[in-house]
Structure formats: structure tokens, C-alpha cells
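Trainee: The following block contains the structure, expressed as C-alpha cells.
The values are calculated or read from the model by the stated rules, or taken from the named source; none is laboratory data. Remember, it's a predicted structure, so these values are computed and weren't measured experimentally. So basically every Cβ, Gly included, is an ideal-geometry build from the backbone, and we count neighbours across all protein chains shown. Just the protein is used for accessible areas: all its heavy atoms, side chains included, with ligands, DNA and RNA removed. Shrake-Rupley method; radii C 1.70, N 1.55, O 1.52, S 1.80 Å.
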Amino acid sequence: MLKIIIPTTMLMLTVWCTNQKWLWTHTIANSMIIALISLMMFNLPLEIMLQTNKFLGLDFISSPLLILTCWLIPLMILASQKHLKENPPTRQRMYISMFLMLQISLILAFTSTELILFYIAFETTLIPTLIIITRWGNQSERLNAGTYFLFYTLAGSLPLLIALLALQNNTGSLSLYLLENMKAPYLFLYTNKFLWFSCLLAFMVKMPLYGVHLWLPKAHVEAPIAGSMILAAVLLKLGGYGIIRISLLLTPQKELCYPFMILALWGVIMTSLICMRQTDLKSLIAYSSVSHMGLVVAAAIIQTPWSLTGAVILMISHGLISSALFCLANMNYERSHSRTLLLVRGMQAILPLMGMWWLFVNLSNMALPPSLNLWGELTIMVSLFNWSKWTMLFTGLGTLITATYTLYMYLMTQRGPAPMHLNKMTPSYTREHCLMSLHMLPMLLMILKPELISGNFT
């Protein structure tokens, strides 16, 4: 982990010291080198946690998410170039620094073996994200979106802090090693319903679970392109990682599982139906994320080897696909200055290569074979069916509606007659095709070897 944390910290110094002419080139090149170094973490022993020191460790749950974080940082900087071209140099450097600060806090969150360090890193991610949304957002509603984002997350996190302090008071330690290996009867004394609920509430808000999801569409719509990418691709996965990591330590509370499971599966259907009525492209993609994360919440709660494997696979594949969808939406917005679906029709005739990327990404989003989304969704659906046969009704209907709104999004943006105001549109750039290739290439390679991210939960 130190191989990544130290270069990322040094890159922050490079951002402020480098010549303005080479700022973007140096930042993208160096962050890409860090991303390539992180790929070595695929080559980990699956049975044990690789420990750097007593506070940091890496295992099969955290390594795929850590690699995803490192891989997406250069892509976000690449996607932001046009958006920030007119900004003063100091603001450009500050913008890049925010993402590097976010990367460091996410690395600490995914690798910490002390739960209180995890909590501090988890909360630290709020600061740069809030600054990115409220300072570089596109619309006047961005302050309102920032307020929703901050207070929803803080309100959910307070019970987690109280639960961790109670656990520290009763067990004398918050080390994952100790809590995992502690004798069951001693830990059972303290894992009552309140502790279970408090620990998981913060992560349910972060995912977000249907019912506490209202901050997400607002934050996505108002955030700049890189803000939307990091929110959808990594920050939501922080919630899923927290649920998996904490729920493996605690005694399952069957009575409390049912309300969360009902909300998660009902949310899959409801948010998919909301997607069918959206006229704003970014809002549609944001609600689509809530729908996919509902499956991850349901899978993480039942805690079977199959469900946890499916949850990790779906988190990784959704991270890449939702980020790619936001990139495509931003490419449309930069040319048409509108996110309304009716005003950006018939784009395939104007930008045929971009139409190809839209097709590939939408097919992956609807879990068409042999995409990685299919691996994740199928594994989750089988494990949920094994848990209760009634879940097939929700997951089957959710999959059907997902395919419907994905087709609706593709047909509305790419097909039909092109409006007259789009005739003078600029062609697609090499930068944009490079960006989409770097999103889709890992997806295609992991289709061939999904065990890299599927973990060893058995």
C-alpha cells in the first residue's frame, strides 16, 4: 500500500510545483503509473490478509476496490480537461489536488485494519467531494446538493461512531484481526440489535439504500464530470465495502435483516421505474446507480459466499460502467450544453464512433452476456433465490425494467432525427476515445478472468 500512498502524496507536490504548460500531462502520466503499479495487487495470496503494518492491510475484498480507485483517478483528470480549460492555473491545481486528497483517503479507508482509522478515512472523503460539488458544479443548485450530501452522510455516520466507541469500550480493541479471531461467545454479548443497526446505517446511506437515497441524484446532477465519476464509481462502493467488512464481524440479526432486504429489493424496482420517467440524462444514470446498489445491499446482508462474491463483482463492474456512462453524458453536454434527452437526439448520425461506445456501455449496463454485470447479477440472484424464492419476483422484474430503461436511454440519445441546433457540433476527440477505451478495456479483460475480483469467500 505504501507503494501507492507515497507516490500519490508526492504527486500532490508535483501538481503545485510543475510548469502550467505541463500540468495536465505530468498529472495524467504520473497517476497512470500509480494505477499500473496498483495492478500488482491482483497477485495476492487469497487466504490471508497482506499486512503492511499494524494499521494497514490488504485482502481479496479490498484489493479490487483499491485498484478501481487508482485506475479511475487518471481517467477523471483526463475527462476534466475541457471543463477546466478556462479556469485560472491556481484553480486547476486545486481541483486536481482535491482528487489526489480523495485518492489518499480512499486508499486508507480500503486498507485500514483499525475500525476507527477506517471511520476517519471514511469521513475524510466528504471534504474534497463537498468542495468539488459546491465549487466546480455546473448549476446554481449545487449548494443545495452539497448540503443534502453532507447532512445525509453525517447523520448516518453518527450512530456508527457511537457503535465503534461502544465496541472499543467492551472489547478493548477495534482491530479487525482481533475482532475476527475473538471467541464467539464473548463478541456475541455486545452484538445486540442496536449495535448491528448503528454499524450498518452509515453504509446504507452511503450506498445508498432506497429511502435514504435523495442526496445522490442531486449530488450527481450538480457535480462536475469528475465528481460524478468518483461518486458513482468509488464512493458508493465504500458503503458496500463497509457493509461486507462490518457484517462479517457481527452476529447476523435476522429480525433486522428483513426491513433492509425489503427496502433494497423494492428500491431496485422503484428506482428502475423512476428511470423510465427521467428527462435529464445525468439524473437517469444516477437513479440507475441506486437500482444496481440495491442488489449489492441485499447480497451483502444475507452473507453467503455466493452473495458476497456477486456483490464484489457487481461493485467493480458497476464502477466502470457508471463512470463510462457519466463520461458519455458529459461528452454530449459539452457539445449541446443540455442534459435534456429530447434535445440531444440522433447523435449516432453526427458522431458514429461515439454511438459505438454508447452501444457497448449500454449493453453492459443491462447485463447482456458475457458482460461482467451479468456475472455479478446472476450470482446475486441465485444466492437470493436460495435465501427466499420470493426474491426472484423482485430481481427478475428489476432486471426486465433495467433492460427497458437502458434501451430507452440509448434510443433517445442515439436514434431518431437530429435536431437542427446540433448540425454545427464539433467532432469527437482522440482524448475522448482514449477515455472510453480505458473504461471498457478492463471490463473486457475481466470477462475472461473474473476470479481476479471474485474473492475467496468460501
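Trainee: Applying a 10 Å radius around every beta-carbon, put 223-233, 406-416 in order of their mean neighbour count, most first.
Mentor: The packing order, highest mean first, is 223-233, 406-416.
Trainee: Sort 238-247, 392-401 for me by packing, meaning the mean count of neighbouring Cβ atoms within 10 Å per residue, highest on top.
Mentor: 238-247, 392-401
Trainee: Go through 98-111, 122-135 and give me the packing order, highest mean Cβ count within 10 Å leading.
Mentor: Those peptides, ordered most packed to least, come out 98-111, 122-135.
Trainee: Determine how many Å³ per residue the convex hull of the Cα atoms of segment 259-457 encloses. Kindly include the intermediate steps, with their values, before the conclusion.
Mentor: Values: hull volume 19.6 nm³, N = 199.
Considering the Cα atoms of segment 259-457, their hull volume per residue is 99 Å³.
Trainee: Hey, another quick one. Taking the alpha-carbon distance from K54 and a cut-off under 14 Å, which aspartates and glutamates remain once sequence neighbours fewer than 8 residues away in the same chain are dropped?
Mentor: E114
Trainee: I'd like the distance separating the alpha-carbon centroids of segment 345-393 and segment 198-242, in whole Å.
Mentor: 20
Trainee: Give me the lysines in straight-line cross-link reach of K21: C-alpha distance below 16 Å, same-chain residues under 8 apart excluded.
Mentor: Counting by Cα, and skipping residues close in sequence, K21 has these lysines nearby: K82, K85.
Trainee: Something else now. Starting from the Cα of K389, draw a straight line to each of the lysines and keep only those under 18 Å, dropping any in the same chain fewer than 8 residues away.
Mentor: Cross-link targets: K254.
Trainee: Ignoring any ligand, DNA or RNA, what whole percent of the accessible area of segment 259-457 comes from carbon and sulfur when the probe is 1.4 angstrom?
Mentor: Summing carbon and sulfur atoms, their accessible area is 72 percent of the total for segment 259-457.
Trainee: Can I ask one more? In deg cm²/dmol, rounded to 500, what helix-only [θ] at 222 nm does the chain give when every DSSP H run of at least 4 residues adds -39500 (n - 2.57) and the total is split over its residues? Present the calculation step by step, with values, prior to reporting the outcome.
Mentor: On the way: 22 runs with 333 residues, N = 458.
Computed ellipticity for the chain at 222 nm equals -24000 deg cm²/dmol.
Trainee: Counting only C-alpha contacts under 8 Å and six or more residues apart, can you give the relative contact order of segment 259-457 as a whole percent?
Mentor: Relative contact order here is 32 percent.
Trainee: OK, next. Can you tell me the relative contact order of the chain? Whole percent, Cα pairs under 8 Å, sequence separation 6 or more. Present the calculation step by step, with values, prior to reporting the outcome.
Mentor: On the way: 662 pairs, mean separation 67.8, N = 458.
Computed value for the chain: 15 percent relative contact order.
Trainee: Taking the solvent-accessible surface of protein heavy atoms with a 1.4 Å probe, what is the per residue accessible area of segment 347-445 in Å²?
Mentor: Computed with neighbouring chains in place, this is 50 Å² per residue.
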